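What follows is one structure encoded as structure tokens, with my remarks underneath.
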Amino acid sequence: PERPVIELSATIGDGDDFAHVLERAGVGGADADRAAQLVGQAVSLDSIPSGTRINLTLGRRASKSVARPLERLAVRAKFDLALRIDRSGGTLGMTRQPIAIDDTPLRIQGLVGSSLYRSARAAGAPASVVESYIKALATKLSIGRDIAAADSFDLIVERERAATGEVRLGKLLFAGIDQGAKKLQLVKWDGP
């Protein structure tokens, strides 16, 4: 005998069509098209990043020759929006689940030590941010000659924290170095 309900997940790949991803996972063509239509009402299907997981629950089918009906679908369509599709009374309906985002920037400080790059990485700065930080400082200082092990680095990075726990780091906003008597501070300004 077949299981009455199957729970599985599918992943959106580069250039994948949302409905085709569902069909490959075993969802019937009509249900896949309707689910894609519902999700498309909330967000552009092309804006959903590749690698996004879709959690699916497929229900009991009438016979082995037909696809299982889609009972439930959950997808994180955007960083700040989750979508859920449920079957109720024979039709599919969508529920939007907004996710609160805290966009307080992240400040990272520490001693330069033997390597500015390694110290900033060890303090939690992503590699791309450290590279931007060093490039910003290099416009005003010679990194190898003017910076000593006892100097303190200071950088501020864009950060978004979702209420669900995910963190997304962005661009460098502030680069500073404290050399005791001399301080250098560089601020990224996107204002008018």
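The values are calculated or read from the model by the stated rules, or taken from the named source; none is laboratory data. Because the structure is predicted, anything quoted here is derived from the model rather than measured. Ideal geometry is used to build each Cβ from the backbone, glycine not excepted, and the neighbour counts take in all protein chains shown. The area values use the complete protein model at the heavy-atom level, side chains included, leaving out ligands, DNA and RNA. Shrake-Rupley method; radii C 1.70, N 1.55, O 1.52, S 1.80 Å.
The table below lists the values:
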item: Loop-located trypsin sites (Lys or Arg not before Pro) in the range 2-75, at most 10 other Cβ atoms within 10 Å (DSSP); result: K64
item: ³J(HN,Hα) computed for each position of the range 2-9 - Karplus, 6.51 cos²θ - 1.76 cosθ + 1.60, integer Hz, glycine/proline x; result: 7, 5, x, 9, 10, 10, 8, 9
item: Accessible area of the chain belonging to carbon and sulfur atoms, whole % at 1.4 Å probe; result: 49 percent
item: Residue-by-residue Karplus 3J(HN,Hα) for the range 86-92, coefficients 6.51, -1.76, 1.60, Hz, glycine and proline x; result: 10, 8, 9, x, x, 10, 8
item: Pairs of Cα atoms farther than 14 Å apart, the range 27-104, %; result: 63 percent
item: Heavy-atom surface of the chain, accessible at 1.4 Å and reported per residue (Å²); result: 58 Å²
item: Mean projection area, nm², convex hull over Cα of the chain; result: 15.7 nm²
item: Projected-area mean, the range 89-178, by convex hull of Cα positions, square nanometres; result: 7.7 nm²
item: ³J(HN,Hα), Karplus 6.51/-1.76/1.60, whole Hz, each residue of the range 137-151, x for Gly, Pro; result: 5, 5, 6, 10, 9, 8, 4, x, 9, 8, 9, 9, 5, 7, 5
item: Partner lysines for K182 [C-alpha distance under 29 Å; skip if fewer than 8 residues away on the same chain]; result: K135, K140, K171
item: Sum of -39500 (n - 2.57) over DSSP H runs of 4+, divided by residues of the chain (222 nm, nearest 500); result: -6500 deg cm²/dmol
